[in-house]
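Note sheet for the following structure.
The values are calculated or read from the model by the stated rules, or taken from the named source; none is laboratory data. What you see is a predicted model; the values in this text were computed from it and never measured. Cβ placement follows ideal geometry from the backbone for every residue including glycine, while neighbour counts extend to all protein chains displayed. When the accessible area is computed, the model is the full protein with side chains, heavy atoms only, and any ligands, DNA or RNA have been set aside. Shrake-Rupley method; radii C 1.70, N 1.55, O 1.52, S 1.80 Å.
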Amino acid sequence: MNKIIEKAKFEHILSKDEIVQLLQDESINQELFKAADSLRKEFVGDEVHLRALIEFSNFCHCNCLYCGIRAENLCVDRYRLSSDQIIQLARQAYDFGYKTVVLQSGEDLAYKVDEMAQIISEIKKLDLALTLSIGERNFEDYKILKEAGADRFLLRIETTDKDLYMKMHPNADFENRKICLFNLKKLGYETGTGCLIGLPGQSLESLADDILFFKELDADMIGIGPLIPHPQTPLKNAENGSFELALKVMAITRLLLPDINIPATTAMETLNPNGRIMALQSGANVIMPNITAEDIRCKYEIYPNKANVNYKQLEAKLKQIGRQISSTKGYRKVRRSL
Ligand code: SAH
């Protein structure tokens, strides 16, 4: 076995230089994916956790250069679901058998923290885990939302390369994004983060730093997605991020954080028709099916041609590769219910 993969597999620690070597070396890819798959099996088992994604607003005050719903994209048909609509969707997810709902939106400050807290406490009357993905808020707001019942929070760091971060996110504050992540951890959220693969100017060294940051934060969930250029953004002429490289960053993350949750991301499936299954066989153990209604979903276009999940097909494909849909909430650590 490749010495670096072997070390990572048993010690779950690598230096930046060792990570860069793995990322550079194309000849070890299959061995890397196999090692990540075996650690996935050993630490989190064969169950695949489904998280039902609800995209409840595409209003956003940010201008991330890559994102289709950035504030300056005037072509976007903006929508906001009402509290009742969001709760109704969560109920549908519950009735269907999902164990987790993820409430995602642009950074939309129209939903005041008390309104969000109310939505959360209403949804938490159902037996569901609840994840938020609503961007940066202050410590107090995160605290109120946690106390209302939110269990998890997703906030990708996107890149840990500060210069690149500042180029990609005009008027955003890199240090604040990090502070948000550490605040979420402090408040007891299961904290998810992750990065984009293929931002213009991104180096393998910076991807190695991203992985080391995941470890430093002790993230509970990591989502890795290749960049998919959106035609109505400044990055419209950029190239697609590399699917293979995204898979490698994901696999190395599994080696270093063996017991966390790792989704096979929609962006991976969008770039490769078998991307989700390949990811599940290279370290991933989570899928996030989008349950937003079709006519609304198409307006939440962070990138074009977002892949869908066909539940029946997914179930069959999982069976073929010896995996089952989990019937638990899939926390990182087993928690006693209160
Ligand atoms: N407003 C929330 C949710 C953002 S959408 C937040 O700030 O966390 C979720 C993720 O989609 C982002 O974190 C980003 O990594 C990803 N994304 C956005 N545009 C993309 C694109 N063009 N290609 C691939 N992924 C993209």
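Per the listing TYR142, TYR111, the residue uniquely open to solvent by less than 30 Å² (accessible area, probe 1.4 Å), within 16 Å of the ligand (Cβ to nearest atom) and part of a helix (DSSP H, G or I) is TYR142.
Scanning the range 270-294 for residues that are part of a helix (DSSP H, G or I), modelled with pLDDT of 95 or more and open to solvent by 30 Å² or more (accessible area, probe 1.4 Å) turns up THR270, LEU271, MET278.
Could you check the range 316-332 and list, in sequence order, the residues that are exposed (fewer than 15 other Cβ atoms within 10 Å of the Cβ) and free of Cβ contacts under 8 Å to residues at least 60 places away in the same chain? Across the range 316-332, the qualifying residues are ALA316, LYS319, GLN320, ILE321. Looking only at the range 183-235, residues that are closer than 22 Å to GLU269 by Cα, of a type in the set (S, T, N, Q) and assigned to a strand (DSSP E or B) come to 1 in all.
Going through (1) touching a strand residue (DSSP E or B) at 6+ places or on another chain (Cβ under 9 Å); (2) more than 14 Å from the ligand (Cβ to nearest atom); (3) farther than 25 Å from SER282 by Cβ; (4) basic (Lys, Arg) one by one, LYS186 falls short only on (1). Answer yes or no as to whether PRO200 is within 9 Å of the ligand (Cβ to nearest atom) and open to solvent by 10 Å² or more (accessible area, probe 1.4 Å). Against the criterion (within 9 Å of the ligand (Cβ to nearest atom) and open to solvent by 10 Å² or more (accessible area, probe 1.4 Å)), PRO200 does not qualify. Pull out all pairs, ordered by first then second residue, where Cβ-Cβ is under 7 Å, the residues are six or more apart or on different chains, the first lies in the range 1-29 and is modelled with pLDDT of 95 or more, and the second is outside any helix (DSSP H, G or I). Matching pairs, first to second residue: ILE4/LEU14; LYS7/LEU14; ALA8/LEU14; HIS12/PRO258; ILE28/ASN2. List the pairs whose first member sits in the range 43-65 and is over 12 Å from SER105 (Cα atoms) and in contact (Cβ under 8 Å) with a residue 24 or more places away in the chain, whose second member is within 10 Å of the ligand (Cβ to nearest atom) and among the charged types (D, E, K, R), and whose Cβ atoms are under 8 Å apart, counting only residues at least 6 apart or on separate chains? Between residues of the range 43-65 that are over 12 Å from SER105 (Cα atoms) and in contact (Cβ under 8 Å) with a residue 24 or more places away in the chain and residues that are within 10 Å of the ligand (Cβ to nearest atom) and among the charged types (D, E, K, R), the close pairs are ASN63/ARG70; CYS64/ARG70; CYS64/GLU158. Residues in the range 40-86 that are of a type in the set (Lys, Arg), touching a strand residue (DSSP E or B) at 6+ places or on another chain (Cβ under 7 Å) and assigned to a loop (DSSP other than H, G, I, E, B): ARG51 only. Selection of the range 65-80 for residues being within 20 Å of the chain's Cα centre (by Cα) and either open to solvent by less than 30 Å² (accessible area, probe 1.4 Å) or more than 11 Å from the ligand (Cβ to nearest atom) (or both) yields TYR66, CYS67, GLY68, ILE69, ARG70. When every residue of the range 24-34 is checked against the conditions, at least one turns out to be assigned to a loop (DSSP other than H, G, I, E, B) and open to solvent by 20 Å² or more (accessible area, probe 1.4 Å).
Looking at (1) out of contact with any helix residue (DSSP H, G or I) (no Cβ under 6 Å at 6 or more places or on another chain); (2) among the β-branched types (Val, Ile, Thr); (3) in a helix (DSSP H, G or I), which is the one condition that is false for VAL249? Among (1) out of contact with any helix residue (DSSP H, G or I) (no Cβ under 6 Å at 6 or more places or on another chain); (2) among the β-branched types (Val, Ile, Thr); (3) in a helix (DSSP H, G or I), the lone unmet condition for VAL249 is (1). Among the conditions (1) within 16 Å of the ligand (Cβ to nearest atom); (2) more than 24 Å from LEU212 (Cβ to Cβ); (3) open to solvent by 10 Å² or more (accessible area, probe 1.4 Å), VAL102 misses just one, which is (3).
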